[in-house]
Amino acid sequence: MSKESSKKEEQGITVKKSENISEWYTQVIQKAELLEYTDVSGCMIYRPRAYAIWEKIQQFLDGEIKKLGVQNSYFPIFIPEKLLTKEKEHVEGFAPEVAWVTHGGNSKLNERLAVRPTSETIMYDAYAKWIRSHRDLPLKLNQWNNVVRWEFKHPTPFLRGREFLWQEGHTAFAAKQEADKEVLDILELYRQVFEDYLAVPVILGKKTEEEKFAGADYSMSAETLTPSGKAVQACTSHHLGQRFAKSFDIEFLDEKGNKAYPYQNSWGISTRSIGAMIIYHGDDKGLVLPPKVAPLQVVIVPILFDDSKKKVLEESAKLVKQFEKAGISVKLDNREGYTAGWKFNEWELKGVCIRIELGPKDLEKKQAIVVRRDNNKKEAVKLDDIVKFASKELEQMQKDMFEKAKKWMSENTVHVGTVEKLIEAVNQHKMAVIEWDKAKNRIDEIKEKAAGKCLNLPFKEYFMIDKEDKEYAIFAKSY
């Protein structure tokens, strides 16, 4: 075996997605240079390619929440135990997952410090100092940070880790209707992240009482079923009511001079979103990235021979400048010591949206070969038209990837009339839709017989099965 063949074997994906999706996923995230394992289980290194995807999500969402008047801030990662225990239901919900700091150096601390599992408690202690009058409201703060939840389930990179990245918004309002509106406004932004950027279809709805956020009055979520047969909770938007305000003594004087408690929300989306995207779109060659979040949209691979090398590289460099001018991220792969075929495989593995092949024969015809990553569509395009052509293909690729994913989820969603049929469907790795009244008293049985859970109670627009005013629920296995 040649040295290059050996490298290719080591580099490429060695299992089919359809045959062993767990091993396939593990290979993709490592060989596509997204994550690296560490000696601490569930704590991963986000390599530049993964972090660049997260930055794309950040850029969109950060801009949109600022339009809503939200400001970014940062609160400490360490939370005194006395704060974490102030809201009883909240702490009970997180207690099994909290990592504690008990020593500073060799000295035992007087009070244990929780490593931030979420920031409600430390933020609301400060809110009690800042909110005194109705003029101080609304207060809208957000953090882009990391959190630690020391779960003892088997960690799955991106999807279920002990440390992960997210944003957490925490807002306070004088009126409940303002808070209720924001819950839905934020949920819509999250839908746009998933469907418009990650090309992953989601179902919006309300969490059941059992599944809502610990301490919330109600929780809204976006849910999706991935091709692994397991669902991912894409994000959540919670209305906390006045529960935390009362626990943390957050009071203000309203316009009539009366004391009142604000209504609060918290909401977040995490790097779990990247894991859902990988599973949805990846194939046996590796990553397939939607253009809106791809760190690299176009790669130019010149086909080099000694007698034409100079001309091919000069034309390739011109194309790079044209793409950059058009705002399309591009790279010229002019590395020596690797064949063009080896480079093709590498960039397919890493999910680059469009590959442009340019050789001496193409120069003679004043054209290049354009290959789309998602469908392997290959087309000869005139050099003068190539930037415009690629731009349109990127737009179409984004749409096609979403439609393909949406079709897959629809085909793997079944409507059932009994819990027995629901259990059967979930065991077949489907997402099952059922009337909530038929399932709500048999949750434990569904968990026991199918390892399934209620994801949410979808908004009416998703499943208008009949004209009767019935509430439906969706169930599936989940990460």
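The values are calculated or read from the model by the stated rules, or taken from the named source; none is laboratory data. On a predicted model such as this, the values are computed, not experimentally measured, just so you know. Note that each Cβ is placed from the backbone with ideal geometry, even for glycine, and that neighbours are counted across all protein chains shown.
A few comments on the model shown:
- In the condition set (1) surrounded by fewer than 20 Cβ atoms within 10 Å (Cβ to Cβ); (2) in a loop (DSSP other than H, G, I, E, B), Arg191 is compliant with all but (2).
- A search for C-beta distances below 6 Å between a residue of the stretch 170-189 that is over 10 Å from Leu240 (Cα atoms) and any residue that is in a helix (DSSP H, G or I) and acidic (Asp, Glu), counting only pairs 6+ apart in sequence or on different chains, returns Leu189/Glu64.
- The one condition from (1) small (Gly, Ala, Ser); (2) over 30 Å from Phe194 (Cα atoms); (3) within 28 Å of the chain's Cα centre (by Cα) that Ser329 does not meet is (2).
- For Gly169, the conditions (1) modelled with pLDDT of 95 or more; (2) surrounded by fewer than 21 Cβ atoms within 10 Å (Cβ to Cβ); (3) under 25 Å from Lys82 (Cα atoms) all hold with the exception of (2).
- Across the stretch 102-146, the qualifying residues are those that are among the polar types (S, T, N, Q) and closer than 20 Å to Trp166 by Cβ, and the one among them that is surrounded by the most Cβ atoms within 10 Å (Cβ to Cβ) is Thr121.
- Cross-chain or 6+ apart pairs with Cβ under 9 Å, the stretch 122-139 first and small (Gly, Ala, Ser), then part of a loop (DSSP other than H, G, I, E, B): Ala126/Phe75; Ala128/Phe248; Ala128/Asp249; Ala128/Ile250; Ala128/Glu251; Ser133/Asp254
- Residue within the stretch 413-424 that is within 27 Å of Gly282 (Cβ to Cβ), crowded, with 18+ Cβ neighbours inside 10 Å, within 23 Å of the chain's Cα centre (by Cα) and not small (Gly, Ala, Ser) present: yes
- Of note, Ala317 satisfies the criterion of being farther than 21 Å from Phe60 by Cβ and small (Gly, Ala, Ser).
- Those residues of the stretch 217-252 which are of a type in the set (Val, Ile, Thr), part of a strand (DSSP E or B) and touching a residue at least 60 places away in the same chain (Cβ under 8 Å), in sequence order: Thr224, Val232
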